[in-house]
Each structure stands twice: as C-alpha cells, then as structure tokens.
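Below is one structure; the comments refer to it alone.
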Number of protein chains: 2
Amino acid sequence: MIKVVLIGSGNVSHHLIEAFAKSKKVEVTQVFSRQKDAVTHLLDSNKITDDYNNLAQADLYIIAVSDDAIAKVLSQLPFENRLVVHTSGSVALDALDKKNRKGSFYPLQTFSKNKTVNFSQIPICLESENETDFELLEKVAQSISDTVFKINSEQRKALHVSAVFVNNFVNHLYQMGNEICEANKVPFEILKPLILETANKVMSLSPKEAQTGPAIRNDMQTIASHIAFLLDENQNNIYKTLTQSIQNNGKKL
Amino acid sequence: MIKVVLIGSGNVSHHLIEAFAKSKKVEVTQVFSRQKDAVTHLLDSNKITDDYNNLAQADLYIIAVSDDAIAKVLSQLPFENRLVVHTSGSVALDALDKKNRKGSFYPLQTFSKNKTVNFSQIPICLESENETDFELLEKVAQSISDTVFKINSEQRKALHVSAVFVNNFVNHLYQMGNEICEANKVPFEILKPLILETANKVMSLSPKEAQTGPAIRNDMQTIASHIAFLLDENQNNIYKTLTQSIQNNGKKL
C-alpha cells in the first residue's frame, strides 16, 4: 500500500479521504487538522493529529489547504527530502520552499461539503520535479480517477484561469438570470433544462459551433430591446460587454 | 385529434414535428415550408405546402420562424379569427396583427438540427388572448411536455433575456476557457467535468449559494496574478468586469 498523509480538513481533503478509502492501492495513514473534530466522522481519531511534530512517515504528503496557507505549511514541516504536493490550481512549484521534493496534485472540480462527487470522473493534473516522484503520483491519482494528466505550472495556471471562466463566471451569469426572473416574477426553474443542455452541448460540439442567440446572429433589434429592458446598471453593462465580445469573436477567422 | 399546422421549417419546427408525431392527442395536419425539401424526411409530401392559399383547416397554427419574419407571415395568412401562435421568446402579442386570435407557444430550450432533444423535459410557456384558446394551447403543450407554464408577454421577455445570460453568454465563457486552453496547449477536455458539475450544482443549490472562486473570496493575490496572465485585452476586460460584479454582488444583503 502507498502511504499518504493529508494535511488540511477542508472540502478537498474531505473528498480525498472518501476517495482513497475506496482505493486498494493507497491508504490514508494520517490527517493533519488544526480542528480535529472536522474529520473525526471520516477516520479513526488515532489517525488525526494537530501537531506537525507527530506527522507520520509516508510516501506522499498532500497539502490540501487554501492557496495562501501552502507556503506556511511547507515551512512548518519537521522533515526534509520527502515528496510533498499541494492541490492548488494557481501556486507554481518554483514559488515553494526547496526543503522537500515538490509536486502538484490538482483535482480540477468544484467541491461542496454536502454534495458527493464521483472522483473517478474528476481529472487530476500532476506535476513533479523528477520522474520517480511522477510515477508515484500517477499511481496514487489513477487509484481514484480515470483521467490523469501531466501538467506543468504554467499550463496549470492557464487551466485555473479557464476554470474561473467556465465555473465562477458561469455561475455568476446563472445568478443574474435568477435575479432577472425574480424581479419579473418568473420561476427560475423554467431555465434549468436550458442550463443543463447548454453544458451538455459542449460535450460534443465546440463552444464556437454551439454559439446561438441575438449577438452571434447580429439581431440588433432584439439586442436593443434587451438593453432597454435591463434597468439594473450592472446587468446592462455585462449584457453589452458580452454581446460585443460575441460579435467581435464571430468576425474572427 | 387536435389538428395543428406548422409554419416554418427551421430547428424548432423540426423538433415540434418529431414531438407531435409521438402524441396521441395532436396531429400535424400540414407544414408550410418555402423549401419543401427541408421537411420531406419528416412527413408525407402531400402534407407539405409552400403556398399560403393552400393552408389546411386546423385548430391551431404554430408559426416557428425567425422573430423578424413573424409579422410578415401573419400578414400573409388568407384567413381570419383562427388561433395563430408564435414560438418566439421576444415578440410581444400586442405587437402583432389583430386579424387572427393570437398567442404564444414558447419552448424554452436551445435547439440544434442534429441533436435530438427529449421534449417532455422542455418547459413550454403559453400565452393567449382568451381562456378557451389557452385551454387548447395547454392540451397541445401537455401532449408533448411535462412542464407547461402560463407566462405573459412581459414575463416572457424577462425569461428570454435571462436565457441569453444562462445560455448565449455562458457558452461564450466556455469558448473563452477553450481559447485560453488552446493558447497554452492544455486539452479543453480537462474542463468538461467541471462544466457539467457547475450546471448540475444549481439544480439543487441557488446560484448565490453555489458561488466559489477568488472573486467571492476576495483573494486579491490570485485575482492580480490572473489579470497579469491574461494578455488578450478582451479576456482581460471580461475577467475584470465579472470579478467586480461578483464582488459587488457578494456585498449585497
């Protein structure tokens, strides 16, 4: 069994503990959590520590904490030259402490505490400083996911920025749709099949092929009537900005 | 059987012909198509006409043509006082010719010619000028869909604008994500599970509850590094605009 220690007790750590529990090749030997209570429902209490000096020996340490806490965690590790990876999309390897062998183990998905995820469907992006470490990371990742990618720090940053567009920003547009419905006493429910189909479409078509609507059709009459309809300044501004962007994009070869 | 004549041969008409073919209560008596070939694979050629003077007697005429062609079609109908509806999200009833009894039959979904849809899952929004006509529209809609709503012209406009946000604009953000991936030699495939989960999340959580990412966390360091990363002026501008909007929205009560 490959021995893994998880550091952190947030959403990513929770889901990793659950995923590894089903793996036959990887064992979570220990979880470091400042709040021990946060993970007691997921594993034996003797496997939980809140003291860096009690960290167990392991093949791999996975730091699953917020981006700005990663450097601090690394500096507090009381050992050297072990394989230590983080789960962040945006922290480059060369920005980190050299005391240990570094790597990245980035599951690209949005995690919520109360929503179970099927980890086998989640892409995991791996990076390490040497080939031997990469092989270990690959074994660990493949034990829980069907899609594992080798991704360097620059590519990972591009993925993270793209994820902000297709997740954070998309969800914000859902919210604007919701607000427009509420203001006009229409149930948001009516839009849900459209939301699902919009996502499903780009599973088989490219987003460029899937683009529809008044902006790409240059239907100036409908666009003008929508702009007149949107009295909220922010909604109005975003409507104009994205319409313009679709129209300019449509002109590109 | 309720007799329906469809006018138009685009995506919406195609999908309606297929959906009504499975209905036991509604029969498509005839389709008007300027290009007869466009629908010959879907019904008998003796049921297709390209001449308004040959339009058959029916309980309901559904005009499924582009928004700006609706008024012209209505003016060419050689009869009066029959029930004639359109399938547009944005054309208000009072903007239309009074010669016939007007209504709206608006299936809220994105249609592509080569992608089959399950019509039972598509919300249909209905409007008519009187109660008897509404009852007929309701029977027709319920024969193909499980979710039928009474929606007036103003509400329909709000829905249509919302649909632009959650479909057209969302798809454009998918495209920007795709472009960022391509420019950095990362497969867009990696983002697909995230795209699906983002849509799935708002089936059970409100978009406000589902919001994650650097903007809502006020993670200024990550935001600054993303802005520095985005050299494309349009991508950079949209990143800033939507980040600002999420942050302002987070401050609202």
*Would you please name the residue that is nearest to residue A:138 (Cα to Cα), looking only at residues in segment A:86-122 that are assigned to a loop (DSSP other than H, G, I, E, B) and touching a His at 6+ places or on another chain (Cβ under 7 Å)?*
A:89
*Test each condition in (1) crowded, with 16+ Cβ neighbours inside 10 Å; (2) closer than 20 Å to residue B:103 by Cα for residue B:23 and report the one that comes out false.*
(2)
_Would you confirm, using the coordinates I've provided, whether residue B:117 is crowded, with 21+ Cβ neighbours inside 10 Å and not assigned by TED's automatic domain parsing to the domain that holds residue B:168?_
no
*Only one residue in A:180, A:216 is of a type in the set (A, V, I, L, M, F, W, C), crowded, with 17+ Cβ neighbours inside 10 Å, at the interface with chain B (Cβ under 7 Å from one of its Cβ atoms) and farther than 29 Å from residue A:123 by Cβ, so which one is that?*
A:180
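Given the structure, is residue B:249 under 25 Å from residue A:215 (Cα atoms) and not hydrophobic (A, V, I, L, M, F, W, C)?
Considered against the rule, which asks whether it is under 25 Å from residue A:215 (Cα atoms) and not hydrophobic (A, V, I, L, M, F, W, C), residue B:249 comes out as no.
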*Would you say residue B:13 is out of contact with any Phe, Trp or Tyr (no Cβ under 9 Å at 6 or more places or on another chain), buried (at least 22 other Cβ atoms within 10 Å of the Cβ) and of a type outside the set (Phe, Trp, Tyr)?*
yes
*Take segment A:183-205 and flag every residue that is more than 7 Å from chain B (Cβ to nearest Cβ) and small (Gly, Ala, Ser).*
A:183, A:204
*Scan segment A:98-136 for residues that are touching an Asp or Glu at 6+ places or on another chain (Cβ under 7 Å), touching a residue at least 40 places away in the same chain (Cβ under 8 Å) and polar (S, T, N, Q) and report the count.*
2
*Cβ-Cβ below 7 Å, separation at least six or inter-chain, first residue in segment A:221-238 and at the interface with chain B (Cβ under 7 Å from one of its Cβ atoms), second surrounded by 14 or more Cβ atoms within 10 Å (Cβ to Cβ) and in a loop (DSSP other than H, G, I, E, B): which pairs?*
A:222/B:90; A:225/B:90
*So which of A:188, A:149, A:165 ends up being closer than 22 Å to residue B:244 by Cα and crowded, with 20+ Cβ neighbours inside 10 Å?*
A:165
*Specify the residue that is farthest from residue B:222 (Cα to Cα); the eligible residues are those in segment A:30-54 that are in contact with a strand residue (DSSP E or B) (Cβ under 6 Å, 6 or more places away or on another chain) and not polar (S, T, N, Q).*
A:47
*Does segment A:3-25 hold any residues that are closer than 17 Å to residue A:118 by Cα, hydrophobic (A, V, I, L, M, F, W, C) and either over 17 Å from the mean Cα position of the chain (by Cα) or in a strand (DSSP E or B) (or both), and which are they?*
A:20, A:21
_within 29 Å of residue B:109 (Cα to Cα), at pLDDT 95 or above and at the interface with chain A (Cβ under 7 Å from one of its Cβ atoms): is that true of residue B:175 in this structure?_
yes
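Picking from B:158, B:163, B:141, B:199, which residue would you name as being under 23 Å from residue A:197 (Cα atoms) and out of contact with any Phe, Trp or Tyr (no Cβ under 9 Å at 6 or more places or on another chain)? Spell out the reasoning first.
Details: B:158 fails: out of contact with any Phe, Trp or Tyr (no Cβ under 9 Å at 6 or more places or on another chain); B:141 fails: out of contact with any Phe, Trp or Tyr (no Cβ under 9 Å at 6 or more places or on another chain); B:199 fails: out of contact with any Phe, Trp or Tyr (no Cβ under 9 Å at 6 or more places or on another chain).
It is B:163.
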*Filter result (more than 7 Å from chain B (Cβ to nearest Cβ) and either buried (at least 23 other Cβ atoms within 10 Å of the Cβ) or β-branched (Val, Ile, Thr) (or both)) within segment A:152-162*: A:156, A:160
*Kindly indicate the residue of segment B:75-95 that is modelled with pLDDT under 95 and of a type in the set (A, V, I, L, M, F, W, C) and also surrounded by the fewest Cβ atoms within 10 Å (Cβ to Cβ) among those meeting that condition.*
B:95
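The values are calculated or read from the model by the stated rules, or taken from the named source; none is laboratory data. These figures come from a predicted structure and were not determined experimentally. Neighbour counts run over all protein chains shown; Cβ positions are idealised from the backbone, glycine included.
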